[in-house]
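Right, one structure below, let's go through it.
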Amino acid sequence: MKHIMMSTLPAMIFCGSVLLVYYLYFRLWVSWLIGRLRKKEAGAILKSRTALTLHIIAAFGAVCIGYAYFVEPYWPQVNTIEIGTDKLTAATFRVVQISDLHCETKVRLEKRLPEIVNALNPDVIVFTGDALNTKTALGLFQETLNQLHAPLGEFAITGNWDAAYWSSEDLFANSGFRELDIDKEVIEKDGESIVIAGVAYDEGPNAHRVIDTLSEGHFNVLLYHTTSLLDFLDQTAVDLYLSGHTHGGQVALPFYGALTTLSEHGKQYESGMYQKGPIQLYVNRGIGLEGGHAPRVRFWARPEITVFDIGPKND
């Protein structure tokens, strides 16, 4: 928890800086208005070097806020990752990951998501947690997942929001997705196979019950909502670890990245592919937006659909 609190500090500084700029800009216009009301020459107030700087910063900020609210949450990005392994000799498995839908009453990408995902021709689709921001969106969530199709299976795990707020709901009913609580599934294609293992968020402490059953002979994919299991996987057979949760910061800055990740690893694994020993970790930026009082914006952290083509290693 201490790590998570510390990781919010850059976001708080950034928000404070934005508020300061617009406070100063507001005062600038108040000073100009007071001058006009007193019938004094007030035009110079708006033309000073400081005023011009504030004009530019405020205008740029307004454009960024508009983009973050009206554009980026509706602009999904498809990322394709090729993974070669000695554990396959002929077959290639296409696994498509989606995460963090955070459905609410306002529809954003849910109606477009099935068309985008199905057009990728996945063998397997996985959802790595955080379904809803509000219970009223349960139908929308289930309908969205029900329209996603993969011939070798669709699998899901729960995230922290699901565990905290919707544990009494059957989130994946009528969705076509199989929920992996602490479980695994062997996926076969062209005479070869991989394993999809999943751990529900509130079962994190018991993850060893499925992880310890994984065989070195299979290419093993582990689904868990956050990166927190990574520190305990050194001696396991996990090959690819898929998570979400961070939203890529949801608001990120060029050259700096995520302002906050709400992760115990901070910015260490904020989004994208990472290697830790033999394990490849991928942190998906998710589709939706953080619930509660968080602003419904994305900036420099587009919604993401990730495609993993897992096949024989090319020598």
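The values are calculated or read from the model by the stated rules, or taken from the named source; none is laboratory data. Predicted model, so just to flag it, every value in this text is computed and none were measured. So basically every Cβ, Gly included, is an ideal-geometry build from the backbone, and we count neighbours across all protein chains shown. Side chains included, ligands, DNA and RNA excluded: accessible areas come from the protein's heavy atoms. Shrake-Rupley method; radii C 1.70, N 1.55, O 1.52, S 1.80 Å.
Within the range 199-214, which residues are without any contact (Cβ under 8 Å) to a residue 60 or more places away in the chain and either among the aromatic types (Phe, Trp, Tyr) or open to solvent by less than 60 Å² (accessible area, probe 1.4 Å) (or both)? Steps first, please.
Residues of the range 199-214 that are without any contact (Cβ under 8 Å) to a residue 60 or more places away in the chain, as a first pass: 199-200, 202-214.
Matches in the range 199-214: Val199, Ala200, Glu203, Gly204, Asn206, Ala207, Val210, Ile211, Leu214.
Looking at the range 114-127, is at least one residue crowded, with 20+ Cβ neighbours inside 10 Å, part of a helix (DSSP H, G or I) and in contact (Cβ under 8 Å) with a residue 24 or more places away in the chain? Checking the range 114-127: at least one residue is crowded, with 20+ Cβ neighbours inside 10 Å, part of a helix (DSSP H, G or I) and in contact (Cβ under 8 Å) with a residue 24 or more places away in the chain. If you take the residues of the range 64-75 that are open to solvent by less than 80 Å² (accessible area, probe 1.4 Å) and in contact (Cβ under 8 Å) with a residue 24 or more places away in the chain, which of them is nearest to Pro295 (Cα to Cα)? Checked the range 64-75; the qualifying residue nearest to Pro295 (Cα to Cα) is Ala68. Every test in (1) modelled with pLDDT under 95; (2) surrounded by fewer than 14 Cβ atoms within 10 Å (Cβ to Cβ) is passed by Leu54 save one, and that test is (2). Within the range 252-278, the residues that satisfy the criterion of being part of a strand (DSSP E or B) and either open to solvent by 60 Å² or more (accessible area, probe 1.4 Å) or over 18 Å from Trp300 (Cα atoms) (or both) are Met273, Tyr274, Gln275, Lys276.
Residue-by-condition table, conditions (1) surrounded by fewer than 24 Cβ atoms within 10 Å (Cβ to Cβ); (2) in contact (Cβ under 8 Å) with a residue 60 or more places away in the chain; (3) of a type in the set (Lys, Arg); (4) more than 25 Å from Asn118 (Cβ to Cβ):
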| site | (1), (2), (3), (4) |
| --- | --- |
| Phe232 | yes, no, no, yes |
| Gly286 | no, yes, no, no |
| Gly292 | yes, yes, no, yes |
| Phe299 | yes, yes, no, yes |
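Listed by first and then second residue, the pairs linking a residue in the range 162-184 that is under 17 Å from Tyr224 (Cβ atoms) and in contact (Cβ under 8 Å) with a residue 24 or more places away in the chain to a residue that is open to solvent by 40 Å² or more (accessible area, probe 1.4 Å) and not in a helix (DSSP H, G or I), with Cβ atoms under 6 Å apart and 6 or more places separating them unless they lie on different chains, are Phe172/Glu179. Any chance the range 208-217 includes a residue that's in a loop (DSSP other than H, G, I, E, B), at pLDDT below 95 and of a type in the set (Gly, Ala, Ser)? Yes, some residue in the range 208-217 is in a loop (DSSP other than H, G, I, E, B), at pLDDT below 95 and of a type in the set (Gly, Ala, Ser).
Regarding the range 220-232, can at least one residue be identified that is over 16 Å from Leu180 (Cβ atoms), at pLDDT below 95 and touching a Pro at 6+ places or on another chain (Cβ under 7 Å)? No: zero hits. Counted as qualifying within the range 1-93 are the helices (runs of 4 or more DSSP H) with 1 or more residues that are under 20 Å from Trp300 (Cβ atoms) and touching a helix residue (DSSP H, G or I) at 6+ places or on another chain (Cβ under 6 Å), namely 9-37, 49-70. Restricting attention to the range 158-185 and to residues that are of a type in the set (A, V, I, L, M) and assigned to a loop (DSSP other than H, G, I, E, B), the residue that is most open to solvent (accessible area, probe 1.4 Å) turns out to be Ala173.
Yes or no, residue by residue, for (1) under 30 Å from Ser215 (Cα atoms); (2) exposed (fewer than 11 other Cβ atoms within 10 Å of the Cβ); (3) in contact (Cβ under 8 Å) with a residue 60 or more places away in the chain:
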{"site": "Met12", "(1), (2), (3)": "no, no, no"}
{"site": "Arg38", "(1), (2), (3)": "no, yes, no"}
{"site": "Ala59", "(1), (2), (3)": "no, no, no"}
{"site": "Gln77", "(1), (2), (3)": "no, no, yes"}
{"site": "Thr85", "(1), (2), (3)": "yes, no, yes"}
